[in-house]
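Here is the structure we will look at.
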Amino acid sequence: MTPRKNDYINERDRSNQLLKMANYAVTAIMFNHVISGLEAVFTNQRQARDKAQKSKTDVGLYYDPKNKYGIGGILVSYEW
């Protein structure tokens, strides 16, 4: 193996490791956003009950048959 090819293989491996770390970081950020959104919904429901207002919230997954995992997004509805 030539020194250039060896350097290329090492750089490629390092690039793939960094890509995996970036994917994990983005996944963690997205889970944080989802959890924060759910917390906001539940906090709003609790505050609405305390004020004797009737509000209805619903959080669910939006089905997308074209997506690899079948999930097209998160569906959040809020009614007064």
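The values are calculated or read from the model by the stated rules, or taken from the named source; none is laboratory data. Please read all numbers here as calculations on a predicted model, not as lab measurements. No Cβ is skipped: glycine too gets one built from the backbone with ideal geometry, and neighbour counts run over all protein chains shown.
What pairs come up if the first residue lies in segment 35-58 and is closer than 16 Å to Glu79 by Cβ and modelled with pLDDT of 70 or more, the second is among the small types (Gly, Ala, Ser) and assigned to a helix (DSSP H, G or I), and their beta carbons are under 9 Å apart, counting only those six or more places apart or on different chains?
Final answer for the pair search is Thr57/Ala48.
Here are Ile9, Ile74, Ile29: which of them is outside any loop (DSSP other than H, G, I, E, B) and touching a residue at least 40 places away in the same chain (Cβ under 8 Å)?
None of the others qualify; the one that does is Ile74.
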